Amino acid sequence: MNLSDKIRNIPDFPKEGILFKDITPLLRDREALKEAIVKMADMFRDYDIDYVVGIEARGFLVGTPLAIELDRGFIPIRKPGKLPYDVLKKSYELEYGKNEIEIHRDAVSEGDKILIVDDLLATGGTTLAATEMIEELGGEVVGCAFLLELEALTGREVLKDYEVKSLLIE
């Protein structure tokens with residue numbers, strides 16, 4: 001199955017000049033979804049991982065089933081104001097603006113080995129902010145997994161200090 005065929009391009013979303021990669025057709029297709037999750041898990045199956053961390057929102061959609069496939073727990077990184085407990089917050093640049101993410105301060109313990117997961121690697125800013133938070137909490141980022149990487153936006157270079165693996169590269 002060609003998983004790339006299951007990703008729809010939406011021009012000028014969320015703003016003019018952005019080509020949005022819509023993964024909902026892939027998510028809707030149970031066979032494509034299962035294949036994508038198993039293949040992503042296979043990329044990191046031999047790594048020593050304690051937890052999978054998914055970045056809101058679409059990172060939850062691939063991160064949670066990936067955690068199940070790897071038989072690991074799942075930790076969410078969320079947008080501001082969504083977590084009910086004591087949080088660590090980090091600001092970062094997007095390809096079309098600024099944003100912030102948060103994680104519970106007690107979500108990661110000293111020495112925890114973390115796989116960070118998101119649906120898309122673009123400029124790498126969101127994932128870099130996530131790695132910084134994990135490390136500030138004492139965790140070790142053992143890798144970053146993506147369903148799709150937009151190679152032209154050079155996010156891999158921003159994450160050059162980490163093991164980065166993408167299932168699909170455009």
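The values are calculated or read from the model by the stated rules, or taken from the named source; none is laboratory data. On a predicted model such as this, the values are computed, not experimentally measured, just so you know. Backbone-built Cβ (ideal geometry, glycine too); neighbour counts: all protein chains shown. Note: areas computed on protein heavy atoms with side chains; ligands, DNA, RNA excluded. Shrake-Rupley method; radii C 1.70, N 1.55, O 1.52, S 1.80 Å.
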State all residues of segment 54-66 that are surrounded by fewer than 22 Cβ atoms within 10 Å (Cβ to Cβ) and either of a type in the set (A, V, I, L, M, F, W, C) or not in a helix (DSSP H, G or I) (or both); if no residue qualifies, say none.
-> 56, 57, 60, 61
Wholly within segment 74-170, which strands (runs of 3 or more DSSP E) include no fewer than the required count, namely at least 1 residues that are aromatic (Phe, Trp, Tyr) and within 13 Å of the chain's Cα centre (by Cα)?
-> 140-149
Identify, from the list 113, 79, the residue that is touching a residue at least 60 places away in the same chain (Cβ under 8 Å) and within 24 Å of residue 158 (Cβ to Cβ).
-> 113
May I ask you to verify whether residue 86 is farther than 15 Å from residue 132 by Cα, surrounded by fewer than 20 Cβ atoms within 10 Å (Cβ to Cβ), acidic (Asp, Glu) and in contact with a strand residue (DSSP E or B) (Cβ under 9 Å, 6 or more places away or on another chain)?
-> yes
Out of all the residues in segment 150-165, which are open to solvent by less than 20 Å² (accessible area, probe 1.4 Å) and either in contact (Cβ under 8 Å) with a residue 40 or more places away in the chain or under 20 Å from residue 45 (Cα atoms) (or both)?
-> 164
The residue that is surrounded by the fewest Cβ atoms within 10 Å (Cβ to Cβ), considering only those in segment 124-149 that are among the β-branched types (Val, Ile, Thr) and farther than 26 Å from residue 8 by Cα, is 142
For the subset of segment 18-53 comprising residues that are without any contact (Cβ under 8 Å) to a residue 12 or more places away in the chain and in contact with a strand residue (DSSP E or B) (Cβ under 9 Å, 6 or more places away or on another chain), which member is surrounded by the most Cβ atoms within 10 Å (Cβ to Cβ)?
-> 20
From the set of residues in segment 110-169 that are of a type in the set (S, T, N, Q) and under 15 Å from residue 94 (Cβ atoms), which is modelled with the lowest pLDDT?
-> 123
Failed item, numbered, when residue 1 is tested on (1) closer than 22 Å to residue 130 by Cβ; (2) part of a loop (DSSP other than H, G, I, E, B); (3) open to solvent by 70 Å² or more (accessible area, probe 1.4 Å); (4) not charged (D, E, K, R) = (1)
